Amino acid sequence: MTRLDRYLFRQLGIALLAVTVGLAALIWLTQSLRFIELVLDRGLSLAVFIELTGLLLPSFFAVILPITTFIVTLFTYVRLNADRELVVMRATGLSDWRLSRPALLLAGIATAAGLALQLWLVPVSHAAFRTWQYEIRNEMAAILLQEGVFSSLGDELTVYARRRNPDGTLRGIMVHDTREPGAPVTIMAEEGRLVSSADGPRVVLLNGVRQQLEPATATHGPRLSTLSFAENSLDLATTSRSTPEVARNRDSRERYVSELLHPDPAENLPERDIRKFRSEAHQRLASPFTALSFAMVGLATALASGFRRYGDWRPAVIGVGLVVALLAIGLSVGNLAARDNRFIPLIWLHAIGPAVISAWVLSGSPGLPRRRPGPAEG
């Protein structure tokens, strides 16, 4: 790299690092507010909170890196043009491609980082995040019970305790359990104790009533059965009773690209999920290249605008408008490809097409008709 390349690359690199880290920290702060309640009201340790929310950062970086690469490239070159630095560089005979070399190098590094994130770090971190969530909802369900609040432990179990003593004893308990399909259970007890077992947390209920709505059969309709008990035990794990050994389902973000393209037949996934997985795999592979495409869009709009003595705001507005439109098109293309895999090539066209068009603009738009100057202009 020449001294000029190092000068431009240093400005671009420092700005990219600062903008990316700052924007990721802002997004992390807003997203982590969802978990503050676990620390303040439910007794979750601060170390677990930091680890849980920190696992979201790779996903944030993978999403914002193409956008921050574009922002830094566009506004750095617009500023250089406004400060007459590009005028001096062009006066020495440097072409637009020569001026673009540091930005293209930085965009290449961002693309490589995006590939590493999408292919490895994002699925690993998201799998760890989902495991933490699963453990909090199941193994750590005891800390989720709040006094005087209907606490939902998953989607199928709701527990209410009128009072919770410091020793863990619960008073005035009501439980609504729908884990057994077609036979919801409601339990009311005077008191109970939280205990731990090999299968997860349990609550031992004392002096209560158990009501269960039994499904209709061929001989009779639905019936309500009532059972009074002196002591009963209830599993607080959210796994369905009918399938206690089934592991939690893994969503698309937890899977590697190879698993998305070739899911295990033993999972018996519906065709709709298989189509979504294929679309997700191609989006994972193509999205890092948008960092290069967006950077070239910024270069094309900043370098092709020329120089104006009193500044020019048009390149920034045009560049931002183009990338906003590309982001909207990307969302539409992703949804379309998830419904019908025949549209998957549009994902790659969206990722690479802007780079090709920008390269044509940086090359001077060859083939485009030119307006010849008139006599007065000559």
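Residues checked against (1) touching a residue at least 24 places away in the same chain (Cβ under 8 Å); (2) open to solvent by 20 Å² or more (accessible area, probe 1.4 Å); (3) within 16 Å of PHE294 (Cα to Cα); (4) in contact with a Leu (Cβ under 6 Å, 6 or more places away or on another chain):
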| residue | (1), (2), (3), (4) |
| --- | --- |
| THR76 | yes, no, yes, yes |
| ARG79 | no, yes, no, no |
| ALA82 | yes, yes, no, no |
| SER95 | no, yes, no, no |
| SER100 | yes, no, yes, yes |
| ALA107 | yes, no, yes, yes |
| ALA113 | yes, yes, yes, no |
| VAL122 | yes, no, no, no |
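Would you check which residues across region 215-236 are in contact (Cβ under 8 Å) with a residue 12 or more places away in the chain and within 20 Å of GLU156 (Cβ to Cβ) and list them?
Across region 215-236, the qualifying residues are PRO215, LEU224, SER225, ASN232, SER233, LEU234, ASP235, LEU236.
How about region 39-74: which of its residues are open to solvent by less than 30 Å² (accessible area, probe 1.4 Å), modelled with pLDDT under 90 and in a helix (DSSP H, G or I)?
Hits for region 39-74 are VAL48, PHE49, LEU52, THR53, GLY54.
Taking helices (runs of 4 or more DSSP H) that do not extend beyond region 269-369, which have at least 3 residues that are β-branched (Val, Ile, Thr), within 30 Å of VAL257 (Cα to Cα) and open to solvent by 50 Å² or more (accessible area, probe 1.4 Å)?
The helices (runs of 4 or more DSSP H) meeting that bar are 344-362.
The values are calculated or read from the model by the stated rules, or taken from the named source; none is laboratory data. Keep in mind it's a predicted model, so treat the numbers as computed, not measured. Note that each Cβ is placed from the backbone with ideal geometry, even for glycine, and that neighbours are counted across all protein chains shown. All accessible areas refer to the heavy atoms of the entire protein, side chains included, with ligands and DNA or RNA removed. Shrake-Rupley method; radii C 1.70, N 1.55, O 1.52, S 1.80 Å.
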